[in-house]
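K.L.:
Take this structure first; my questions come after.
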Amino acid sequence: MRFDRNTFLTLAAMLVFGLILWQSEKFLGDYQIYIAKLIFINIILALSLNLIYGFTGLFSLGHAGFIAIGAYVAAICILPQAQKEMMWILEPIAWPASHIFTPFWVAVLGAGLFAGIFAFFIAVPVLKLGDDYLGMATLAFAEIIRVLIVNATPITNGSLGIKGIPNHSTLIVCYIWALFTLVILARLCYSNFGNILRCIRDNEIAASVMGINVFHYKVLSFCVGAFFAGIGGALLGSHLSTIDPKMFNFLLTFNVLMFVVTGGLGSLTGSILGATIITILLEWLRALEEPMNLGFIELPGIPGMRMVVFSVVLLAIILKRREGIMGTRELTWNRIFAFFSRHKA
Amino acid sequence: MNAANDKAGAILVAENVTMRFGGVTAVSDLSFALRKGAIGGVIGPNGAGKTTVFNVLSGFYTPQEGEITLLGKNIKGLQPYEICKMGMAPTFQNIRLSPQMTVLENIMVGCHVRRHGRWWSAALGLPGFYREERELQAKAAALAEKVNLDKQLGETAGSLPYGAQRRLEIARALATEPALLLLDEPAAGMNPQESIELMRFIGKIRDEFNLSILLIEHDMKVVMGVCEYIWVMEYGALIAEGLPDQVRNNPLVIRAYLGEDVITNA
Ligand SMILES: Nc1ncnc2c1ncn2[C@@H]1O[C@H](COP(=O)(O)OP(=O)(O)OP(=O)(O)O)[C@@H](O)[C@H]1O
Ligand SMILES: [Mg+2]
């Protein structure tokens with residue numbers, strides 16, 4: 001790594017931002033901190049899908065499955081044995097799951113590894129199928145994962161889900177994992193390995209005659225993406241403290257997909273912006289579902305209204321600005337300085 | 001007799017290669033041998049089967065019959081990326097670059113196959129990774145200079161004019177450190193002046209990089225100047241071969257090309 005101005009600025013910004021977050025309890029309310037944590041978790045999810053879809057061009061709709069695996073693995077790892085034995089009422093909890101008890105960071109890494117390994121077994125048959133079936137096949141696999149979770153009652157507590165997961169996902173912990181994800185993915189995507197992933201996305205045939213084992217790198221991208229989705233899932237479960245199989249349906253994948261598309265396919269900073277903006281927007285739109293008093297008329301709350309408005313906003317974004325906020329560009333220091341010097345002159 | 005067609009000193013040998021698509025025999029019983037260091041040409045009218053030969057040699061199709069040998073090793077049935085590793089780099093009839101990536105990044109894609117470090121050294125940011133990354137960048141920049149694109153390193157490939165995209169594709173192929181370049185109609189879509197320049201350029205890089213080159217071309221005039229040996233195909237079969245002058249005056253070749261305005265100086 002060369003230590004130039006931009007590296008210095010990045011490190012400084014990361015540190016300052018971290019310090020601010022560390023002190024955030026002094027000036028942010030509980031609700032704001034709750035949203036801020038969700039933003040960092042969603043950033044992790046968006047970055048991981050961007051690697052798979054934005055950089056490698058694999059239209060995968062299986063993200064909710066990997067998030068679910070991550071959330072369950074981490075929850076089982078951090079729940080104390082006594083609590084688990086009490087909660088598993090349908091069937092007693094089976095052996096390895098009942099005795100595992102790890103620190104949170106081990107649980108998060110384990111969640112990522114589990115999701116990555118699972119992705120590997122999915123990727124090998126699915127990526128052999130060819131890209132046309134990829135969306136369908138990954139969607140089906142995500143559903144299969146959900147069904148497995150419902151039925152593996154001795155490990156997952158079935159459809160009852162898991163409650164009272166210890167909340168280790170503090171704001172600073174979420175921030176650090178988001179940084180970890182960003183740094184690793186930025187190194188991968190903006191090295192020559194990123195170039196070959198983009199070459200595979202743009203022109204698979206050209207990549208293969210340039211000596212690139214296309215299948216190998218597709219599997220790699222898919223598994224690394226799933227690894228980080230698992231990490232995001234682990235944080236999400238601990239953040240929400242309750243998980244059940246219904247949470248990890250297609251809507252979750254759809255949300256993550258929206259972060260990525262809004263931010264720009266193939267732009268890491270775009271994913272960060274997309275996840276931030278849409279998470280806030282979704283929370284903000286929640287007000288629409290509450291009863292409203294406009295003074296002269298009283299409107300009852302309409303459940304689902306927020307998704308309607310949200311979809312309209314998204315349609316507008318897609319029609320107005322196809323490539324998302326950033327396109328394939330990145331928000332870099334050079335760009336920021338260029339922007340300011342242009343506007344000063 | 002003809003040094004270019006001698007099997008012993010050959011870099012690429014095709015023996016009795018037949019490729020059928022259902023009822024269509026696109027290539028039938030084709031045999032040839034390209035001598036090390038030579039520039040050979042495969043020509044033929046439209047639909048003669050040239051692109052099929054290209055696809056068979058580069059590993060996209062596996063022929064039903066016959067053998068293909070590159071640098072003494074059988075490559076039939078190998079994947080394109082394996083064949084590239086063994087020393088053959090193709091460019092396509094229709095240019096296949098990543099239009100949004102820069103000139104430098106496109107060339108670096110070609111550098112990948114000779115890279116030693118693995119992906120996790122990038123993810124973990126190991127020191128060896130940064131060193132190798134800088135080496136690849138320098139190598140790609142040097143190649144860009146060889147093809148006169150050193151001024152456009154940061155420009156996107158899609159923004160380059162057609163001729164420059166061709167040279168960029170060749171530079172990317174050179175980045176794989178090939179022993180043999182396989183070019184499918186590199187002059188397609190160029191005017192006569194541009195094709196002459198391209199052929200001169202191809203001759204130059206052969207000398208500079210110690211390459212062997214197999215040119216696949218529709219237009220006979222284009223390859224006459226640069227090829228040392230030519231094979232002529234029609235309806236999937238070899239109908240003539242020889243030195244450029246022999247081929248040009250061969251009545252079979254003239255007949256194959258009749259109706260096309262190629263034969264003017266026969
Ligand atoms: N994948 C395929 N499936 C079926 N038929 C094919 C296929 N590829 C080529 N052919 C047939 O093989 C014959 C030779 O085609 P090919 O593209 O190799 O010719 P060509 O010499 O490259 O022509 P051109 O000068 O137009 O590029 C044609 O009749 C074509 O229809
Ligand atoms: Mg052709």
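K.L.:
Can you say whether A:Ala226 is closer than 30 Å to B:Glu82 by Cα and either at pLDDT 95 or above or aromatic (Phe, Trp, Tyr) (or both), as far as the supplied structure shows?
P.N.:
On the way: closer than 30 Å to B:Glu82 by Cα: yes; either at pLDDT 95 or above or aromatic (Phe, Trp, Tyr) (or both): yes.
Taking the combined requirement at face value, the residue satisfies it.
K.L.:
Checking A:Ala152 against (1) open to solvent by less than 60 Å² (accessible area, probe 1.4 Å); (2) without any contact (Cβ under 8 Å) to a residue 24 or more places away in the chain; (3) within 14 Å of chain B (Cβ to nearest Cβ), which single condition isn't satisfied?
P.N.:
Unmet for A:Ala152, out of (1) open to solvent by less than 60 Å² (accessible area, probe 1.4 Å); (2) without any contact (Cβ under 8 Å) to a residue 24 or more places away in the chain; (3) within 14 Å of chain B (Cβ to nearest Cβ): (3).
K.L.:
Among the helices (runs of 4 or more DSSP H) lying completely within the stretch A:239-345, list those that include at least 2 residues that are in contact with a Leu (Cβ under 8 Å, 6 or more places away or on another chain) and open to solvent by 40 Å² or more (accessible area, probe 1.4 Å).
P.N.:
Numbers: elements: A:250-263, A:268-285, A:305-320, A:333-344.
Hits in the stretch A:239-345: A:268-285, A:305-320.
K.L.:
Same structure, new question: Cβ-Cβ below 8 Å, separation at least six or inter-chain, first residue in the stretch A:69-96 and under 12 Å from A:Ala152 (Cα atoms), second among the acidic types (Asp, Glu): which pairs?
P.N.:
Hits for this filter: A:Pro92/A:Glu85; A:Ile93/A:Glu85.
K.L.:
Report, by residue number, each residue of the stretch B:167-195 that is in a helix (DSSP H, G or I) and within 16 Å of ligand 1 (Cβ to nearest atom). It would help to see each step written out before you state the result.
P.N.:
As a first pass, look at the stretch B:167-195 and keep what is in a helix (DSSP H, G or I): B:167-174, B:192-195.
Passing the criteria: only B:Ser195.
K.L.:
Among the residues of the stretch A:291-308, is any touching a helix residue (DSSP H, G or I) at 6+ places or on another chain (Cβ under 6 Å) and of a type in the set (Asp, Glu)?
P.N.:
The first filter runs over the stretch A:291-308 and keeps only residues touching a helix residue (DSSP H, G or I) at 6+ places or on another chain (Cβ under 6 Å), leaving A:301, A:303, A:305-306.
From what's left, of a type in the set (Asp, Glu): none.
No: zero hits.
K.L.:
Same structure again: Take A:Ala115 and tell me if it is open to solvent by less than 10 Å² (accessible area, probe 1.4 Å), small (Gly, Ala, Ser) and assigned to a helix (DSSP H, G or I).
P.N.:
Values: open to solvent by less than 10 Å² (accessible area, probe 1.4 Å): yes; small (Gly, Ala, Ser): yes; assigned to a helix (DSSP H, G or I): yes.
Yes, satisfied.
K.L.:
Residues B:Lys151, B:Lys76, B:Lys50, B:Lys146: which one is within 16 Å of ligand 2 (Cβ to nearest atom) and more than 13 Å from chain A (Cβ to nearest Cβ)?
P.N.:
Details: B:Lys151 fails: within 16 Å of ligand 2 (Cβ to nearest atom); B:Lys76 fails: within 16 Å of ligand 2 (Cβ to nearest atom); B:Lys146 fails: within 16 Å of ligand 2 (Cβ to nearest atom).
Sole residue among the options that is within 16 Å of ligand 2 (Cβ to nearest atom) and more than 13 Å from chain A (Cβ to nearest Cβ): B:Lys50.
K.L.:
Given the structure, is A:Val183 more than 14 Å from chain B (Cβ to nearest Cβ) and open to solvent by 40 Å² or more (accessible area, probe 1.4 Å)? Walk me through it before giving the result.
P.N.:
Working: more than 14 Å from chain B (Cβ to nearest Cβ): no; open to solvent by 40 Å² or more (accessible area, probe 1.4 Å): yes.
In short, no.
K.L.:
Also, quick follow-up: Within the stretch B:184-203, can one find any residue that is within 14 Å of chain A (Cβ to nearest Cβ), open to solvent by less than 10 Å² (accessible area, probe 1.4 Å) and within 16 Å of ligand 2 (Cβ to nearest atom)?
P.N.:
Within the stretch B:184-203, one or more residues are within 14 Å of chain A (Cβ to nearest Cβ), open to solvent by less than 10 Å² (accessible area, probe 1.4 Å) and within 16 Å of ligand 2 (Cβ to nearest atom).
K.L.:
Identify, please: which residue in the stretch B:114-127 is more than 8 Å from chain A (Cβ to nearest Cβ) and surrounded by 17 or more Cβ atoms within 10 Å (Cβ to Cβ) and is, among those, farthest from ligand 2 (Cβ to nearest atom)?
P.N.:
Out of the qualifying residues, it is B:Ser121.
K.L.:
Go through (1) within 16 Å of ligand 1 (Cβ to nearest atom); (2) surrounded by fewer than 22 Cβ atoms within 10 Å (Cβ to Cβ); (3) not in a helix (DSSP H, G or I) one by one and return the number of the condition B:Lys221 breaks.
P.N.:
Going through the list (1) within 16 Å of ligand 1 (Cβ to nearest atom); (2) surrounded by fewer than 22 Cβ atoms within 10 Å (Cβ to Cβ); (3) not in a helix (DSSP H, G or I), B:Lys221 breaks only (3).
K.L.:
Name, by its number, the condition in (1) farther than 24 Å from B:Tyr257 by Cα; (2) buried (at least 22 other Cβ atoms within 10 Å of the Cβ); (3) of a type in the set (D, E, K, R) that does not hold for B:Lys85.
P.N.:
The number of the failed condition is (2).
K.L.:
Something else about it: Within the stretch A:116-131, how many residues turn out to be in contact (Cβ under 8 Å) with a residue 40 or more places away in the chain and not β-branched (Val, Ile, Thr)?
P.N.:
Number satisfying all stated conditions: 8.
Per-residue answers, yes or no, for (1) open to solvent by 10 Å² or more (accessible area, probe 1.4 Å); (2) part of a helix (DSSP H, G or I); (3) within 16 Å of ligand 1 (Cβ to nearest atom); (4) at pLDDT 90 or above:
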| position | (1), (2), (3), (4) |
| --- | --- |
| B:Arg20 | yes, no, yes, yes |
| B:Asp29 | yes, no, yes, yes |
| B:Ala33 | no, no, no, yes |
| B:Val42 | no, no, yes, yes |
| B:Leu57 | no, yes, yes, yes |
| B:Thr69 | yes, no, no, yes |
| B:Leu97 | yes, no, no, yes |
| B:Glu105 | yes, yes, no, yes |
| B:His112 | yes, yes, no, yes |
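K.L.:
Of the residues that sit in the stretch B:114-153 and are among the small types (Gly, Ala, Ser) and at pLDDT below 90, which one is nearest to A:Asn192 (Cα to Cα)? Spell out how you get there, then give the answer.
P.N.:
Of the residues in the stretch B:114-153, the ones among the small types (Gly, Ala, Ser) are B:117, B:121-123, B:125, B:128, B:138, B:140-142, B:144.
In the following step, the residues that additionally are at pLDDT below 90 were identified as B:117, B:121-123, B:125, B:128.
Values: B:Gly117: 11, B:Ser121: 12, B:Ala122: 9, B:Ala123: 12, B:Gly125: 13, B:Gly128: 14 Å.
Per the stated criteria, the residue is B:Ala122.
K.L.:
Among what's in the stretch B:128-142 and is of a type in the set (A, V, I, L, M) and surrounded by 18 or more Cβ atoms within 10 Å (Cβ to Cβ), pick the residue that is farthest from the chain's Cα centre (by Cα).
P.N.:
B:Leu136
K.L.:
Going residue by residue through the stretch A:128-136, is there one that turns out to be of a type in the set (Gly, Ala, Ser), surrounded by fewer than 22 Cβ atoms within 10 Å (Cβ to Cβ) and under 29 Å from A:Met326 (Cβ atoms)? Step through it out loud before you land on a result.
P.N.:
Our first condition is that a residue be of a type in the set (Gly, Ala, Ser); within the stretch A:128-136, this holds for A:130, A:135.
From what is left, the residues that are surrounded by fewer than 22 Cβ atoms within 10 Å (Cβ to Cβ) are A:130, A:135.
Imposing the further condition that a residue be under 29 Å from A:Met326 (Cβ atoms) reduces the set to A:135.
Yes, the stretch A:128-136 has at least one match.
The values are calculated or read from the model by the stated rules, or taken from the named source; none is laboratory data. These numbers were taken from a predicted model, which means no experiment stands behind them. With ideal geometry, Cβ positions are generated from the backbone for all residues, glycine too; neighbour counts draw on all protein chains shown. The protein model used for the area step is the full one, side chains on, heavy atoms only, and it has no ligands, DNA or RNA in it. Shrake-Rupley method; radii C 1.70, N 1.55, O 1.52, S 1.80 Å.
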